[in-house]
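See structure below.
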Amino acid sequence: MKVLVPVKRVVDYNVKIRVKSDKTGVDLANVKMSMNPFDEISVEEAVRLKEAGVATEVIAVSVGPQQAQETIRTALAMGADRGILVKTDAEVEPLGVAKILKELVGAESPDLVIAGKQAIDDDSNQTGQMLAALLGWSQATFASELEIADGKAKVTREIDGGLQTIEVSMPAVVTADLRLNEPRYASLPNIMKAKKKPIDEKTVEELGVDIAPRLTVLEVTEPAAREAGVKVETVAELVDKLKNEAGVIG
Amino acid sequence: MDFRFSQDALDLADGARSFLDGANPPERLRSEDGRDSLWPQLAALGLLGVLAPESAGGLGLHDDSFVLIAEAAGRVCLPEPLVALAAISVPAVLATYPDEVGGLVRGDHVSPPVHPLAPYVHDADKADAFIIAGPDALYGVPSSKARLTPVKSIDPNRNLFRVEADLTDDLKVGGAGLCAVMAVRGATYTAAQLLGLTDAMIQMATDYAKEREQFGQPIGGFQAIKHHLASAQVKLEFARPVVYRAAASLDVDSIARQQVHAAHAKIAANEAARFASEVAIQVHGAMGYTFEVDLHYFMKRAWALETIWGDTAHHSMIINQAVIDGGLDIGPGTTFDAA
């Protein structure tokens with residue numbers, strides 16, 4: 001069974017991002033970039049499937065600039081077998097990425113795509129779902145457990161207020177939630193070995209995909225600064241404020 | 001001459017940094033009694049074998065790869081003696097009993113170095129054996145033949161012991177030359193860890209200066225604070241290439257030249273760390289003295305490392321002897337001589 005894992009290059013989760021002064025987006029100059037943390041979880045799951053003898057090959061795919069190759073290398077160091085970079089300097093929206101992935105799925109014929117549930121830069125949470133729709137495949141989103149048996153995937157999903165376990169037929173798209181696993185750190189020998197693993201480069205034009213943006217970003221702003229708290233003298237005053245100012249109790 | 005680090009070295013350091021940052025956050029430094037050792041993970045990730053040959057399960061790389069990892073270990077104030085084992089013990093065992101290196105690389109055996117310049121050994125009670133530099137030879141001493149006396153360190157994350165043994169001929173494993181190599185490696189890699197600690201202290205002070213407000217603005221907005229931090233950063237940037245050069249010259253240059261490079265590195269790193277710790281504590285104001293702030297762990301580690309493998313006075317004497325008494329050529333024309 002082949003597993004395809006899309007990995008996105010995003011601003012490192014430790015970086016305190018700053019909005020550009022013209023409010024058109026986030027300042028990416030000299031900012032540390034890393035693999036989207038949910039994609040790390042996807043790679044880990046795919047590698048575990050391979051180690052368990054369920055998967056035979058894990059392919060890491062990224063859509064982005066040349067530097068996205070580093071993100072693929074990280075996936076290769078974690079245990080993926082090979083990579084595919086679809087090179088583009090354009091901003092690609094989730095629909096565009098889903099279309100590109102659809103083409104790659106057509107070429108590679110994987111049985112399973114494990115994607116992160118969302119990327120931490122745009123928080124779209126759309127690519128996996130769109131890909132499943134475009135392919136006409138089953139989808140199981142927000143996975144916190146994944147079991148493959150008899151051509152079916154049993155997935156425990158994190159939903160509001162609890163867990164839902166579903167079974168989907170394969171091929172399928174699964175999107176990984178935070179608790180699916182704890183990604184490993186790549187060992188130094190594996191970082192070295194990853195350099196020798198192949199990364200195939202393609203362009204959006206070669207795949208014949210229209211990635212023209214459908215959305216227009218009007219404005220990006222920082223979250224409102226948190227206001228300083230107040231000290232209350234009595235419990236009665238606290239209850240009064242919770243009731244009348246915060247409106248959190250009736 | 002290409003002064004850049006190889007992409008391999010940078011990638012490995014990145015990998016190590018990402019592990020160390022995640023596995024040893026400052027909170028871990030606060031739990032010195034009940035924490036699990038990272039030793040199995042350090043071994044599994046291959047960090048113990050960077051300098052060991054591939055036949056022994058290592059990566060077979062040179063010191064210019066490990067120096068960045070040592071710096072990363074310093075930056076997180078790693079309690080485990082990774083650097084001493086991987087950068088001092090592994091090469092010493094490789095030079096004497098190469099068949100035994102595999103055990104060190106896998107983390108099965110722990111044989112820390114003991115030298116008159118670093119007589120107290122961290123976690124000596126967990127060691128199987130010691131590599132002891134005697135007055136005229138190198139000795140391999142099993143832990144059963146060593147006498148350990150606990151010594152209290154200023155650094156709460158260093159569990160020190162004085163290690164003594166009867167250095168008899170049957171324990172001899174190498175000559176005095178290996179003791180000199182051990183001292184050079186000790187000084188160079190302690191300097192590398194000091195770079196990391198200096199970096200961390202400047203970062204902490206800078207973060208605090210951006211957050212702490214006084215007179216209606218963050219204190220980092222005041223020139224007096226900015227200048228202090230900038231001066232500390234300059235000291236660090238000036239020390240870095242000196243330490244990197246010392247690492248690059250290990251096992252490549254003559255031992256005399258390695259000694260001078262290591263001495264220069266240790267002096268520069270000592271100075272940068274001392275200055276950064278003073279600045280960091282000033283910037284933190286009274287908070288810097290409290291246990292609530294992480295700074296003191298890094299500062300105490302820096303103070304501890306400043307004195308081991310030769311303090312500034314010791315290394316100044318080495319340079320004095322080499323330049324004044326030994327007639328070592330100095331100046332731009334000889335900077336890159338590999339004599």
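Counted by Cβ distance under 12 Å from B:Gly134, the other residues give a net charge of -3, where Lys and Arg count +1 and Asp and Glu count -1. Each semi-axis of the equivalent ellipsoid for the protein assembly as shown is √(5λ) with λ an eigenvalue of the Cα gyration tensor; in descending order they amount to 47, 32, 24 Å. One Cα centroid belongs to the stretch A:74-114, the other to the stretch B:271-336; the line between them spans 49 Å. Stokes-Einstein diffusion for the stretch A:2-222, with the hydrodynamic radius set to the Kirkwood value over Cα pairs and evaluated at 10 °C in a medium of 1.306 mPa s, equals 90 µm²/s.
Which residue fluctuates most in the GNM of chain B (Cα springs below 10 Å): B:Leu104, B:Leu82, B:Leu328? Per the Cα network of chain B with a 10 Å cutoff, B:Leu328 tops the list.
The angle between the Cα long axis of helix B:176-211 and the longest principal axis of the Cα atoms of chain B comes to about 20 degrees, rounded to the nearest 10. About the centre of its Cα atoms, the stretch A:88-231 shows a dipole size close to 580 debye [charges on the beta carbon of Lys, Arg (+1) and Asp, Glu (-1) only; nearest 20 debye]. Interface size, chains A and B: roughly 1000 Å² of accessible area buried, both sides included, 1.4 Å probe, rounded to the nearest 100.
Share of carbon and sulfur in the accessible area of the stretch A:2-222 stands at 48%, probe radius 1.4 Å.
Helix B:7-23: angle to the longest alpha-carbon principal axis of chain B, degrees 0 to 90, nearest 10? Taking Cα atoms only, the helix is inclined about 70 degrees.
Over chain B, Cα pairs under 8 Å with separation of 6+ residues give a relative contact order of 16 percent.
Using θ = phi - 60° in the Karplus curve 6.51 cos²θ - 1.76 cosθ + 1.60, the 3J(HN,Hα) couplings for the stretch B:110-119 round to 10, 10, x, x, 10, 9, x, 7, 9, x Hz; x is entered for Gly and Pro.
Any idea how far the Cα center of the stretch A:32-50 sits from the one of the stretch A:190-226, in Å? Here the answer is 16 Å between Cα centres.
Heavy-atom accessible area of B:Asp136 with all protein chains present, probe 1.4 Å, nearest 10 Å²? Counting only protein heavy atoms, the figure is 90 Å². Ranking B:His122, B:Phe298, B:Ala248 by Cα position along the charge dipole of chain B, where only Lys, Arg, Asp and Glu carry charges on their C-beta atoms, puts B:Phe298 farthest toward the positive end. Report the residue, chosen from B:Pro150, B:Pro26, B:Pro40, that carries the largest GNM mean-square fluctuation when chain B is represented by alpha-carbon nodes joined by springs under 10 Å. Between B:Pro150, B:Pro26, B:Pro40, it is B:Pro40 that shows the largest mean-square fluctuation. For B:Asp99, the accessible area of its heavy atoms, probed at 1.4 Å with every protein chain present, is near 140 square angstrom. Amide H contacts of A:Asn125: A:Ala119, each under 5 Å away and 5 or more positions distant or on a separate chain (H built 1.01 Å from N in the peptide plane; Pro and chain starts excluded). In order along the stretch A:34-48, the phi-based Karplus estimate (6.51 cos²θ - 1.76 cosθ + 1.60, θ = phi - 60°) of 3J(HN,Hα) comes to 8, 6, 3, x, 5, 6, 4, 5, 5, 4, 4, 5, 5, 5, 5 Hz; Gly and Pro are listed as x.
Of all lysines in the structure, those lying under 21 Å Cα to Cα from A:Lys202, and not within fewer than 8 positions of it along the same chain, are A:Lys2, A:Lys8, A:Lys87, A:Lys99, A:Lys102. A simple count of charges around B:Glu164, restricted to other residues whose Cβ falls under 11 Å of its Cβ and scoring Lys, Arg +1 and Asp, Glu -1, yields +2. Around B:Val121, under 15 Å between beta carbons, what's the net of Lys plus Arg minus Asp minus Glu among the other residues? Computed value for this residue: 0.
Heavy-atom accessible area with a 1.4 Å probe sorts B:Asp325, B:Asp63, largest first, into B:Asp325, B:Asp63.
Accessible surface computed residue by residue for the stretch B:177-335, with neighbouring protein chains in place and a 1.4 Å probe, gives 44 Å² per residue. Stokes-Einstein diffusion of chain B at 37 °C, 0.692 mPa s viscosity, Kirkwood radius from Cα pairs, rounded to a whole number: 160 µm²/s. Calculated on the Cα set of the stretch B:177-335, radius of gyration then Dmax: 17.8, 61 Å.
Taken one residue at a time, the phi angles of the stretch A:73-87 give Karplus couplings (6.51, -1.76, 1.60, θ = phi - 60°) of 4, 4, 5, 5, 5, 6, x, 5, 8, 8, x, 9, 10, 9, 7 Hz. Gly and Pro are set to x. When Rg and Dmax are taken over the Cα atoms of the stretch A:39-154, they come to 13.7, 41 Å.
Only lysine pairs 8 or more places apart, or on different chains, with alpha-carbon atoms under 20 angstrom apart are counted in chain B, and they number 9. Of the solvent-accessible surface of the stretch B:177-335, computed with a 1.4 Å probe over protein heavy atoms with every protein chain present, carbon and sulfur atoms account for 60 percent.
Each part gets one Cα centre, and for the stretch A:123-159 versus the stretch B:109-168 those centres are 56 Å apart.
The values are calculated or read from the model by the stated rules, or taken from the named source; none is laboratory data. Note that the coordinates shown come from a computational prediction; the quantities given were computed from them, not determined experimentally. Glycine also receives a Cβ, built like all others from the backbone with ideal geometry; neighbour counts cover every protein chain displayed. Only protein heavy atoms, including side chains, enter the accessible area calculation; ligands, DNA and RNA are left aside. Shrake-Rupley method; radii C 1.70, N 1.55, O 1.52, S 1.80 Å.
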